Amino acid sequence: MTRLLSALAAAAGAWCLVHGSALVTQGVGLNRQTPGKPIGTIATRGDLIVFTLDDGVLGKANLFDLAKHTLRFTPERGGYRVENAAFAWDGDFGAEVPPRTAVSLRNFSFPFSGSQWNALAVETTGAIGFGGGVTIGRFDQLQNAATALVDKTPSICVFMKPRMSGPKFVKELADRVVITWTLTEPAGGIQDFTWKPTVNRFQAVLSKDGTIQMSYDEVAAKDAIVGVYQAAGAGPDPAAVAAVDLSDAKKADGPFTTVYESFHYLTLPNHRDLTCTVLSALGDKFDFLAYYADFRVDNQEAGTPSNGPLGGGPTGGAVTGIGAEQKNLASYCTQGRFQWQYIQPVYVGSNQMQEYPPAGHSDTSTRNIGSYLQQLGRRTPDGRIPAYDYALSQIGHEMGHRWSAFVSARVNGETIPLGPTHWARGLQAPAPFPFQRPTEASAMGGGVWQDNLDGTFTQLDDDYYVPATGFSYLDLYLMGLVTPSEVPDFFMLRNLEAAGRDANGRPIFKADRTKITIQDVIAVHGPRQPDVDHAQKQFNTGMVVMVEHGKTPSRELIERTTGIRAAWIDYFAAVTGHRASMTATVK
């Protein structure tokens, strides 16, 4: 998913995100990419590629090991001594803190980072900020984010983990304040690792004398940032910053101005190394590569961004007129065929690698497959949704970025971006070959809009890609599968303003409507070449199962990747109206 061409150079190397997925941008800065290199060995198992990593190539995981532990940080000369003390827990949590509400101290001011504080930002992420919030980037690896927090907003990271939700409680006494979190990791979604809420209950006690105590009662999550971060110069020695093993901390350790530990999974691989490992071993015979693994990487989301050199398939020629240019073939070890891929492996235990949700699962969020089970089940003989629906949402969406959504349209002299990154929410983008529902918006975004002819528009399908959906006419044109004359005129809604719901609960918006034709797109980018008579129609995806050094793929990894492979082949044929086909073979 990249930004439009006008923004690509500025955004090079950034990750653009919407839809719960992302992509490393293509831009001129990436012409200087370091070429990929093999980082493992390759074998085949039927139609699957078995990728065994070299020893230690993704570092080592450091998983949370402080459940039923208490950490005590004792102030000394502007820094802290830290020790792993006897477990202590206050079962009286006090009052719940309303969302987005600062905690005010009435009985005392808490000394921290060279100042006295009577207001605390208690975050749902499990952090306490002083003078501001504490945030990290959506795709930041925790092992890197922990270091990046040094000398930023003064903070106490009790169990800092993004995407958590749940209540926080505060109880203030004369000499201390007790803050307790009882949170769950995200559950039920395509980017989640669990179908059901998890229990993560931890507590901080901030004492009037500056002592900090962190206790962990029950913690299901295995990755987070834990530590105390003071501003630069707050302690006697600004260099007294330490990353330590907190489970082995002793009272003699310190004093430290800042002290922390990052609990994390394996390091994310370099995506060009993944490509080069496969292509160097098996040859340049794949248009796409999808990776699945028995291990987790240091990412808070179960899905993966995508990227690629936009190769030209078996002919190797560049595709033009789609708003994105072929680049960096050599850095991906391709002679010109390879086009697009996942940039990190999807974990076998994640939601999106399950064939079906667990029995009895339900969900009220329309972003989650659980809310569609009954509706979709009515369309099948066995009453079940299509197998691997979440996996198809991910692979269809990410591989769709080989062609979409980078284009603009020129209307009455104005150049209108139709994205960027994904089709804009207000873009009329119905799928002519829907995958499983009568009315579907493109897997690449946009929506299906009903013009009520009174200045309002009813949203019949939204811009999210769950459940798995088809591609729009515009996508199919950019893929080289339909002629310009087959693309109906469409429109863009701008200045969207909520205006209630219809009798069926569908949202209604006021908006400004701009008519767009495919010729308006061609006016900006030129015609799509090769055209529909010469464009590639047959594609091949390498389905890769990855394991750590010295291990073999689990039965679940083989079975689930095999299931996704079969579903992907059928899905691609269906949503392209059988104008294109997908294979997934190593031959």
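The values are calculated or read from the model by the stated rules, or taken from the named source; none is laboratory data. Since the model is a prediction, treat every value here as computed from it, not as a measurement. Note that we place each Cβ from the backbone using ideal geometry, even for glycine, and neighbour counts take in every protein chain shown.
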(Q) For the range 164-183, give me the residue count where each residue is out of contact with any strand residue (DSSP E or B) (no Cβ under 6 Å at 6 or more places or on another chain) and crowded, with 17+ Cβ neighbours inside 10 Å. (A) 1
**Q.** Identity of the residue in the range 353-378, farther than 14 Å from residue 464 by Cβ and polar (S, T, N, Q), that ends up modelled with the highest pLDDT
**A.** 354
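Out of all the residues in the range 320-341, which are in contact (Cβ under 8 Å) with a residue 60 or more places away in the chain and of a type in the set (Ser, Thr, Tyr)? Explain how you work it out, then say what you get.
Residues of the range 320-341 in contact (Cβ under 8 Å) with a residue 60 or more places away in the chain: 320-325, 327-328, 330-333, 338-341.
Within the range 320-341, 320, 331, 332 qualify.
Would you confirm whether any residue within the range 168-182 is under 19 Å from residue 267 (Cβ atoms) and at pLDDT 95 or above? Quick ask: steps written out before the conclusion?
Filtering the range 168-182 down to residues under 19 Å from residue 267 (Cβ atoms) leaves none.
No, there is no match, as no residue in the range 168-182 is under 19 Å from residue 267 (Cβ atoms) and at pLDDT 95 or above.
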Q: Need at least 2 residues that are of a type in the set (D, E, K, R) per element, so show me which strands (runs of 3 or more DSSP E) inside the range 199-282 make the cut, counting only ones lying wholly within it.
A: 212-219
**Q.** Residue check, residue 18 in contact with a His (Cβ under 6 Å, 6 or more places away or on another chain), surrounded by 12 or more Cβ atoms within 10 Å (Cβ to Cβ) and at pLDDT below 95
**A.** yes
Q. Restricting attention to the range 137-160, which residues are polar (S, T, N, Q), more than 16 Å from the chain's Cα centre (by Cα) and surrounded by 17 or more Cβ atoms within 10 Å (Cβ to Cβ)?
A. 143, 153, 155
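So that you can scan it fast, the table gives a plain yes or no per residue for (1) out of contact with any helix residue (DSSP H, G or I) (no Cβ under 9 Å at 6 or more places or on another chain); (2) without any contact (Cβ under 8 Å) to a residue 60 or more places away in the chain:
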| position | (1), (2) |
| --- | --- |
| 519 | no, yes |
| 525 | no, no |
| 529 | yes, no |
| 544 | no, no |
| 550 | yes, no |
| 561 | no, no |
| 572 | no, no |
Q | Condition met for residue 494 (surrounded by fewer than 17 Cβ atoms within 10 Å (Cβ to Cβ), among the charged types (D, E, K, R) and in contact with an Asp or Glu (Cβ under 6 Å, 6 or more places away or on another chain)) | A | yes
Q: Please state which one of 87, 73 is over 24 Å from the mean Cα position of the chain (by Cα) and under 17 Å from residue 207 (Cβ atoms).
A: 73
**Q.** Listing of strands (runs of 3 or more DSSP E) fully contained in the range 132-191 that carry 2 or more residues being of a type in the set (Val, Ile, Thr) and within 19 Å of residue 110 (Cβ to Cβ)
**A.** 155-160, 176-183
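Here are some residues: 52, 74. Which one is not in a loop (DSSP other than H, G, I, E, B) and not assigned by TED's automatic domain parsing to the domain that holds residue 228? Give the steps one after another, and end with the answer.
Working: 74 fails: not assigned by TED's automatic domain parsing to the domain that holds residue 228.
Matching residue, one of 52, 74: 52.
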Q: Could you please give the count of residues in the range 298-345 that are surrounded by fewer than 20 Cβ atoms within 10 Å (Cβ to Cβ), in contact with a strand residue (DSSP E or B) (Cβ under 8 Å, 6 or more places away or on another chain) and assigned to a loop (DSSP other than H, G, I, E, B)?
A: 1
Q) What's the number of the condition residue 123 fails, among (1) in contact with a strand residue (DSSP E or B) (Cβ under 6 Å, 6 or more places away or on another chain); (2) without any contact (Cβ under 8 Å) to a residue 60 or more places away in the chain; (3) within 30 Å of residue 77 (Cβ to Cβ)? A) (1)
Q.
With the requirement that a residue be at negative phi and surrounded by fewer than 18 Cβ atoms within 10 Å (Cβ to Cβ), what does the range 545-568 give you?
A. 549, 551, 552, 554, 555, 556, 559, 562, 563, 566
Q) Which residues, counting only those in the range 199-236, are more than 12 Å from residue 112 (Cβ to Cβ) and aromatic (Phe, Trp, Tyr)? A) 202, 216
Q | Evaluation of residue 417 against (1) in contact with a Gly (Cβ under 8 Å, 6 or more places away or on another chain); (2) over 22 Å from residue 570 (Cβ atoms) (one fails), failing number | A | (1)
Q | Residue identified as surrounded by fewer than 20 Cβ atoms within 10 Å (Cβ to Cβ) and closer than 20 Å to residue 39 by Cα among 274, 266, 282, 289 | A | 282
Q) When you look at residue 446, is it modelled with pLDDT of 95 or more, under 21 Å from the mean Cα position of the chain (by Cα) and not charged (D, E, K, R), yes or no? A) yes
**Q.** Subset of the range 185-203 (residues that are touching a residue at least 40 places away in the same chain (Cβ under 8 Å) and within 14 Å of residue 124 (Cβ to Cβ))
**A.** 200, 202
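Of all residues in the range 346-380, which are among the polar types (S, T, N, Q), in a helix (DSSP H, G or I) and more than 23 Å from the chain's Cα centre (by Cα)? Walk me through how you get there before you give the answer.
Restricting attention to the range 346-380, the residues satisfying the condition of being among the polar types (S, T, N, Q) are 350-352, 354, 362, 364-366, 368, 371, 374-375, 380.
Now narrow it down to the ones that are in a helix (DSSP H, G or I): 351-352, 371, 374-375.
Once the filter is applied, which keeps residues that are among the polar types (S, T, N, Q), in a helix (DSSP H, G or I) and more than 23 Å from the chain's Cα centre (by Cα), the range 346-380 yields 374, 375.
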Q: Answer yes or no as to whether residue 243 is closer than 19 Å to residue 65 by Cα, modelled with pLDDT under 95, touching a helix residue (DSSP H, G or I) at 6+ places or on another chain (Cβ under 8 Å) and not basic (Lys, Arg).
A: yes
Q. Using beta carbons and a limit of 8 Å, which pairs, at least six apart or on different chains, have the first residue in the range 96-114 and not assigned by TED's automatic domain parsing to the domain that holds residue 211 and modelled with pLDDT under 95 and the second one loosely packed, with under 12 Cβ neighbours inside 10 Å and assigned to a loop (DSSP other than H, G, I, E, B)?
A. none
Q. Which of the residues that make up the range 370-389 are in contact with a Ser or Thr (Cβ under 8 Å, 6 or more places away or on another chain) and either surrounded by 18 or more Cβ atoms within 10 Å (Cβ to Cβ) or hydrophobic (A, V, I, L, M, F, W, C) (or both)?
A. 370, 373, 386
Q. Does residue 64 satisfy the criteria of being within 26 Å of residue 268 (Cβ to Cβ), at pLDDT 95 or above and either outside the structural domain of residue 541 (by TED's automatic domain parsing) or more than 31 Å from the chain's Cα centre (by Cα) (or both)?
A. yes
